[in-house]
Amino acid sequence: MTEAQDILFFLLRSSLGTVGAKRDLPAISKICWQQVVDLSFDQGVAAIAVDGLQKLYEANPGLELEIDSEELEDSKYEWFGEVMQAEDDYQRYKAVIESLAGILSEHNQRPILLKGYALSQVYPIPEHRPLGDIDLFQGSAGDEAFRAAGIDVVAEYHKHSSFQMEGIIVENHLKFLDDIKHRSNRKFERILQQLNDSEDYPKEELPVGGQTVLLPSATFNALFLLRHAGEHFAAHEICLRQILDFGLFISSNHSKIDWQYVLKVFREEKMMPFYDVIGTICVEHLGMDLSAFEGVTINKPLAERVLDDIFLPQEEGDVPDRKRHIVRYGIFMTRRWWRNRWKYKMVYNESLLDSFWTLALNRINKDRV
């Protein structure tokens, strides 16, 4: 692990309150502090790292880091600008979610909120978790309600429809997973649908402004969040923020999760190696309590390989335009799949041949992309 990566993890531990005393400080030499700043942006944790830096100074009065002061000051401006932007964005997202809930309430519906804003609630400072799209699970009934409100809902993808509100993309899901690109997702999708419908795993309520939204059960999210992170991991798109999401959710909701059921699914779907790796990173590098990760086996060598892939992904170049260069696109995606085959084995309960064939058919059928 590079010095910049080590320092970033330290700042994240500081932010989460899992850092030890002054002795836990990494041996910081005269590094390029900008590397840490850039890394925090790349990994989606810039505002959280700033929180860690502030806590570091608060906990260690008189602390002097061996970093060029002018360079640090320049980096602080960039970082603190991100914090202010994150806080502004958070309020915009909150207002849009409240509006969406108001529209749905007129049709006797309450929105089920996935990921994003819902996950921010488990962070020390919710406003500092970066937000992307707003993900709902309302199905066709939700689309009808939004269209009745004059919203231009686009339904071109089998997994979800989408539209924009106040410049924010909203995705209304019909499914939780892409069960066309990966055959093993079909069973996992059925599991999630059953949990979503089950009275044994009731949803939780979350006030948003003057409205109330629903959150999936902790058992549902333990399965969904790891699978969702796994899909990004296999597709070469995971970052530290997604690992933080899972770790903080598990740590905050451990007692609410039906661990016997969750571990049964992980084992049957052959996801235990991926669960072990994410748990290892959360414990060894983010300072989270091992007891929160029920049934996890620490696997440092595999965790380091995954971190190397996250921090230093292999250069691939730009993805060729699918419509204009279908052959080049197919070759590019096949090479990516081959390089990432070790990841597929950690996430999907299917043979490599099955994965390749299903993905190939999916790319041929443009209506399923």
| When residues of segment 163-174 are filtered for being out of contact with any His (no Cβ under 9 Å at 6 or more places or on another chain) and crowded, with 16+ Cβ neighbours inside 10 Å, how many remain? | 4
| request: For residues that are polar (S, T, N, Q) and surrounded by 16 or more Cβ atoms within 10 Å (Cβ to Cβ), scanning just segment 221-274, find the one that is farthest from E189 (Cα to Cα). | output: S251
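For residues that are assigned to a helix (DSSP H, G or I) and not polar (S, T, N, Q), tally how many sit in segment 266-296. Even if it seems obvious, please write down each step before you answer.
Filtering segment 266-296 for residues assigned to a helix (DSSP H, G or I) gives 266-268, 272-284, 290-292.
This time we only want the ones that are not polar (S, T, N, Q), so: 266-268, 272-279, 281-284, 290, 292.
Number of matching residues: 17.
Name the single residue, out of those in segment 123-146 being part of a loop (DSSP other than H, G, I, E, B) and touching a residue at least 40 places away in the same chain (Cβ under 8 Å), that is farthest from L206 (Cα to Cα). Break it down into steps so the answer makes sense when it comes.
Quick first cut of segment 123-146, residues part of a loop (DSSP other than H, G, I, E, B) only: 123-125, 129-133, 137-138.
Within this subset, residues satisfying the condition of being touching a residue at least 40 places away in the same chain (Cβ under 8 Å) are 123-125, 129-131, 137.
Numbers: Y123: 15, P124: 17, I125: 17, R129: 17, P130: 19, L131: 17, F137: 15 Å.
If we take residues in segment 123-146 being part of a loop (DSSP other than H, G, I, E, B) and touching a residue at least 40 places away in the same chain (Cβ under 8 Å), then P130 is farthest from L206 (Cα to Cα).
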| A95 being of a type in the set (G, A, S) and either surrounded by 21 or more Cβ atoms within 10 Å (Cβ to Cβ) or in the same structural domain as P207 (by TED's automatic domain parsing) (or both) | no
| note | Scanning segment 38-64 residue by residue, those modelled with pLDDT under 80 and of a type in the set (F, W, Y) turn out to be Y57
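Would you be able to say whether some residue in segment 201-216 is closer than 20 Å to K300 by Cα and either modelled with pLDDT under 95 or not hydroxyl-bearing (S, T, Y) (or both)?
Residues of segment 201-216 that are closer than 20 Å to K300 by Cα, as a first pass: none.
The answer is no; no qualifying residue exists.
Has segment 196-213 got at least one residue that is within 16 Å of G139 (Cβ to Cβ) and without any contact (Cβ under 8 Å) to a residue 12 or more places away in the chain? Explain how you work it out, then say what you get.
Of all residues in segment 196-213, those within 16 Å of G139 (Cβ to Cβ) come to 196-197, 203, 213.
Now narrow it down to the ones that are without any contact (Cβ under 8 Å) to a residue 12 or more places away in the chain: 197.
Yes: segment 196-213 contains one or more residues that are within 16 Å of G139 (Cβ to Cβ) and without any contact (Cβ under 8 Å) to a residue 12 or more places away in the chain.
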| request: Considering only residues that are aliphatic (A, V, I, L, M) and under 22 Å from H160 (Cα atoms), look in segment 119-146 and name the one that is surrounded by the fewest Cβ atoms within 10 Å (Cβ to Cβ). | output: A141
| field | Selection within segment 147-162 - surrounded by 14 or more Cβ atoms within 10 Å (Cβ to Cβ), in a strand (DSSP E or B) and out of contact with any His (no Cβ under 8 Å at 6 or more places or on another chain) | value | S161, S162
| query | When you go through (1) under 26 Å from P216 (Cα atoms); (2) modelled with pLDDT under 95; (3) hydroxyl-bearing (S, T, Y) one by one for S75, which number turns out not to apply? | reply | (1)
| message | Of the conditions (1) surrounded by 18 or more Cβ atoms within 10 Å (Cβ to Cβ); (2) at positive phi, T280 satisfies every one except a single condition; which number is it? | response | (2)
| note | Inside segment 1-37, the number of residues satisfying the requirement of being of a type in the set (F, W, Y) and at pLDDT below 80 is 1
| message | Can you find a residue that is touching a residue at least 60 places away in the same chain (Cβ under 8 Å) and of a type in the set (S, T, N, Q) anywhere in segment 173-186? | response | yes
| field | One residue from R186, R190 being farther than 21 Å from D133 by Cβ, modelled with pLDDT under 95 and surrounded by fewer than 17 Cβ atoms within 10 Å (Cβ to Cβ) | value | R186
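The values are calculated or read from the model by the stated rules, or taken from the named source; none is laboratory data. In this text, all values refer to a predicted model and were calculated from it rather than measured experimentally. Cβ sites come from the backbone with ideal geometry, for glycine too, and all protein chains shown count toward neighbours.
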